1. What number, in percent, do you get for the relative contact order of segment 180-300 if the mean sequence gap of Cα pairs under 8 Å and at least 6 apart is divided by its residue count?
2. Over the chain, calculate the relative contact order: mean separation of alpha carbon pairs under 8 Å at least 6 apart, over the residue count, as a percent.
3. Among Val73, Val224, what's the order by accessible area (1.4 angstrom probe), most exposed first?
4. Just the number: Rg to Rh for the chain, Cα atoms, Kirkwood Rh, two decimals.
5. Just how far, in whole angstrom, is segment 259-337 from segment 80-149 if you go by their alpha carbon centroids?
6. Could you pull out the GluC sites (Glu not before Pro) across segment 1-105 that fall in loop regions by DSSP (anything but H, G, I, E, B) with no more than 11 other Cβ atoms inside 10 Å?
7. Taking the Cα centre of the chain as origin, work out the dipole magnitude from +1 charges on Lys and Arg Cβ and -1 charges on Asp and Glu Cβ, in debye rounded to 20.
8. Starting from the alpha-carbon convex hull of segment 171-266, give the projected area averaged over all orientations, in nm².
Amino acid sequence: MSSSKTVLVTGGAGFIGSNYCRYVLKNHPDYRVVALDALTYAGNLSTMADMQNNPETAPRFKFYPGKIQDETVVNGIIKAEKIDFIVNFAAESHNDRSILDPGSFIQTDVYGVFTLLDAVRRHGVERMCHISTDEVYGTIDDGQFTESSPIEPNTPYSASKAGGELQVRAHRITYGTPTVITRCGNNFGPFQYPEKLIPFFVSRLIDYKKVPLYGSGQQVRDWVYVMDHCSGIDHVLHYGVTGEAYNIGSDCEKPNIDITHRLLKLLDRPESLIKQIGDPRGGAHDKRYSIDASKLKSIGWKPAYNFEEALESTVRWYLDNQSWWRDITATSDYQQFVASFYGKYLGEDL
Ligand SMILES: NC(=O)c1ccc[n+]([C@@H]2O[C@H](COP(=O)([O-])OP(=O)(O)OC[C@H]3O[C@@H](n4cnc5c(N)ncnc54)[C@H](O)[C@@H]3O)[C@@H](O)[C@H]2O)c1
């Protein structure tokens, strides 16, 4: 890319946000990255340590702690750092937690998005890319969602993400705010908080613990390696048409039971470690997500990673970086969450 830019990455201490920071630092050597993160249970300083400690990236990387719904913090950073682009990853992002505490999701995923949009307008930020999810479309039995499919979210998480998107749309139409939106499927890769399916199961299987599979594990998800998501976001940020939304998908649909079997195989663990449990999401557990990414492909993006290889390297990363996730699984927040969702099923295995 041409001229030097400063990118504000909100949620930069989380899974996809931190990987996007790495992507920008590597692929845009003349860009600066400013990360803003509230360091909730899902955000960790250790997740950004590689960028802060590397002499090649440290001068172009800066971190601010703070909430996206804090207008003083947001406006102060945009002014002080002369922000050109905002890429908004900051969110409460876990469906299961949204069932326990839906209010916090509205604060961050809706009101926080409003605060950023307001700041973009006030300071003349060149463009804001808002990271949404394929879950805003709800579930689909056959076929694929396109960007013009109706928004029909089914969980408090996906409804809050849809609410954030509607703020983006309204600000673009009302004020002409320069925005683009991305909607991606289920991500996997390094630095994912170990409550999400793949790192949750891998971290348990490494310790020969049982993995709790919801129902028969037939829920189908469109799996995207996190670096493909990052390249898709970066493509939309630079080449997307203002005001448009873009699906990001790899056409890699797999049911959860298939993912579970692959993880058992990669770690050489027995089938007896699968424990089928009742579904805590009940009727809100969407059966299938599937998105058509041809709109983004038509402007020059394509996924680069092979699913099997990416899954294997992800498992290898969790084997090689056990201190990163063991620090998390040792926290009382993590243990309380696991106990409140799975305790009654797994008893002493937890
Ligand atoms: N993980 C997926 O499979 C997936 C798929 C599609 C879209 N998304 C979207 O991508 C984004 C990032 O997801 P993720 O999986 O990296 O989530 P994550 O939970 O790992 O990271 C979210 C980050 O946001 C921070 N945060 C939370 N509330 C904040 C606030 N009020 N202000 C500032 N920071 C705050 C957290 O501390 C954390 O570091 C989310 O918007 C999510 O909806 C995720």
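The values are calculated or read from the model by the stated rules, or taken from the named source; none is laboratory data. Bear in mind that the values here come from a model prediction, so they are computed numbers and not experimental data. Neighbour counts run over all protein chains shown; Cβ positions are idealised from the backbone, glycine included. Protein only, heavy atoms only, side chains kept; ligands, DNA and RNA dropped before computing areas. Shrake-Rupley method; radii C 1.70, N 1.55, O 1.52, S 1.80 Å.
1. Values: 178 pairs, mean separation 47.5, N = 121.
Normalised by residue count, the contact order of segment 180-300 is 39 percent.
2. Values: 642 pairs, mean separation 58.7, N = 350.
Over the chain, the number comes to 17 percent.
3. Values: Val73 40, Val224 0 Å².
The ranking, largest first, comes out as Val73, Val224.
4. Values: Rg = 19.4 Å, Rh = 20.5 Å.
Rg/Rh for the chain comes to 0.95.
5. Between the Cα centre of segment 80-149 and that of segment 259-337, the gap is 22 Å.
6. The qualifying sites are Glu56.
7. Values: 36 positive and 43 negative charges, 105 e Å.
Charge dipole of the chain: 500 debye, to the nearest 20.
8. On the way: hull surface 31.3 nm².
For segment 171-266, the mean projected area of the Cα convex hull comes to 7.8 nm².
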